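What follows is a set of notes on a single structure, which appears directly below.
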Amino acid sequence: MKRHAASAPPEFEGKIDEVFLKKAQAYEIEKANLGIVSSLFGSIVLIAFLFGGLLSFYNSWIISLNLPFIVSAWLFFLLLSYGEEVISIPFTLYNIFKIENKYGFNTMTARLWIADFVKSLIVSTILTSLLLFSAFYLIQQTPNYWWFWVWCFVFAYSMFVMYISPYVIEPLFNKFTPVEDESLNQRIIRLAEKVGIHTSKILKIDASKRSRHTNAYFTGIGRAKRIILYDTLLHGMNHDEIITVLAHEIGHWKKRHLLKMMIIFELFSLIGLFITFKLTQSNLLLNLFNINTDTIFAKFIILAFLFGIIALPLKPLINFFIRKHEREADRTSYELTGDNASMESALIKLSQENLANLYPHPLYVLLYYSHPPVLERIRYIKEFNGF
């Protein structure tokens, strides 16, 4: 970023200046620094918990309560989830009320943050409790085949949550109202029908009460599927640009990207659960981590830690395929609209409004980016019709 501190790329000439570049770079640096600090802190806490004797103490304490197996499992994992939530609060607050505030993105009040936190805690407690009680009931009732039945339940549970989320969960946090612009509504409906999406619900979300960042997305599955536009997107872009942004999201649906990723994820989940079942049959993990009391709960925590390390090399590969999906969605957007000029101008506006890093390091992109860098996307879009 420092090498390109004063040079706007040709695609952005006349649209941004040196002041913008310096501001975008400062924003990126502050976010990166916060990420490093929070990651280091999280790693220290994790190491202390796993290798400092805290896991063994916590595990023994849960067993000392002499609760039924399922209740013990519920309490064990629920309290850990609360602990993880609590230690992330300072970093979340600093990001929202310091960094996002400083660069003009945050519109959230402290009162709204508290309300969101309480509601999300209640919702997550209900959903997590349902998941834990059901999963450990299956483990108790089918000791030799629980890995398969838990996988089946978690899959069905995920589909259920995706189905009810647009009607039950999302309205707890945001207000959804129909898009008033009838001409835009009709254009979106016609666009969706090109790929077989039949919907009369084009809604806007009051995202501006929390942030000035912009977006558009699909939510739900089956007949519960809805098209959602951020109110910030509606205010910052013209109709053609909005259509191309939405066409990109429709491109993901047309290419079945979500379905493909779900199949891969479920396959790895099934394999992971089977390996977990095999490894929990012995006390090898407990001995390695010096756990005093034999419980399947402690074994699950240790395996989650080990699987996280094993999965690290897979993340760049997964990101590679996700970036490929993004390029396919861009191509589909052009096929649906034939308007790469609006696609380009929409990306430029999104970059300006979100202070995007225009010069990410190629190695960082390879390891961490789930989307191609914006300049790469714009240059790719220009090639669609030789423009």
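The values are calculated or read from the model by the stated rules, or taken from the named source; none is laboratory data. On a predicted model such as this, the values are computed, not experimentally measured, just so you know. Counting neighbours? That spans all protein chains shown, and the Cβs are built from the backbone with ideal geometry, glycine included.
If only one of 312, 303 is surrounded by 15 or more Cβ atoms within 10 Å (Cβ to Cβ) and over 16 Å from residue 58 (Cβ atoms), which one is it?
After ruling out the rest, the residue left standing is 303.
What are the residues in the stretch 169-184 that are surrounded by fewer than 15 Cβ atoms within 10 Å (Cβ to Cβ) and either touching a Cys at 6+ places or on another chain (Cβ under 9 Å) or farther than 22 Å from residue 114 by Cβ (or both), if any?
Hits for the stretch 169-184 are 177, 178, 180, 182, 183.
Mind telling me which of the residues 192, 135, 207, 115 ends up being at pLDDT 95 or above, over 26 Å from residue 267 (Cβ atoms) and surrounded by 12 or more Cβ atoms within 10 Å (Cβ to Cβ)?
Only one candidate qualifies: 115.
For residue 148, which of the numbered conditions (1) loosely packed, with under 14 Cβ neighbours inside 10 Å; (2) in contact (Cβ under 8 Å) with a residue 40 or more places away in the chain; (3) of a type outside the set (Val, Ile, Thr) fails to hold?
Every listed condition holds for residue 148 apart from (1).
Out of all the residues in the stretch 374-387, which are modelled with pLDDT of 90 or more and either of a type in the set (Asp, Glu) or under 17 Å from residue 29 (Cα atoms) (or both)?
376
Pull up the stretch 210-231, narrow it to residues that are buried (at least 21 other Cβ atoms within 10 Å of the Cβ) and either over 24 Å from residue 349 (Cα atoms) or among the β-branched types (Val, Ile, Thr) (or both), then point me to the one that is modelled with the highest pLDDT.
The qualifying residue modelled with the highest pLDDT is 228.
Can you tell me which residues in the stretch 6-57 are loosely packed, with under 14 Cβ neighbours inside 10 Å and acidic (Asp, Glu)?
Across the stretch 6-57, the qualifying residues are 13, 17, 18.
Among the numbered conditions (1) modelled with pLDDT under 95; (2) surrounded by 15 or more Cβ atoms within 10 Å (Cβ to Cβ), tell me where residue 104 comes up short.
All conditions pass for residue 104, except number (2).
Kindly indicate which of 238, 290, 283 is touching a Ser or Thr at 6+ places or on another chain (Cβ under 9 Å), at pLDDT below 90 and surrounded by fewer than 18 Cβ atoms within 10 Å (Cβ to Cβ).
290
Are there any pairs with C-beta distances below 8 angstrom linking a residue in the stretch 195-210 that is within 18 Å of residue 254 (Cα to Cα) to a residue that is assigned to a loop (DSSP other than H, G, I, E, B) and basic (Lys, Arg), with the two at least 6 apart or on different chains, and if so which?
Note: pairs meeting the criteria are 197/225; 199/225.
Being among the aromatic types (Phe, Trp, Tyr) and over 13 Å from residue 144 (Cα atoms) is the filter; apply it to the stretch 258-280 and report the residue that is nearest to the chain's Cα centre (by Cα).
This residue is 265.
Can you go through 351, 342, 333 and tell me which one is in contact (Cβ under 8 Å) with a residue 40 or more places away in the chain, under 24 Å from residue 30 (Cβ atoms) and crowded, with 20+ Cβ neighbours inside 10 Å?
Selected residue: 351, the only one of 351, 342, 333 that is in contact (Cβ under 8 Å) with a residue 40 or more places away in the chain, under 24 Å from residue 30 (Cβ atoms) and crowded, with 20+ Cβ neighbours inside 10 Å.
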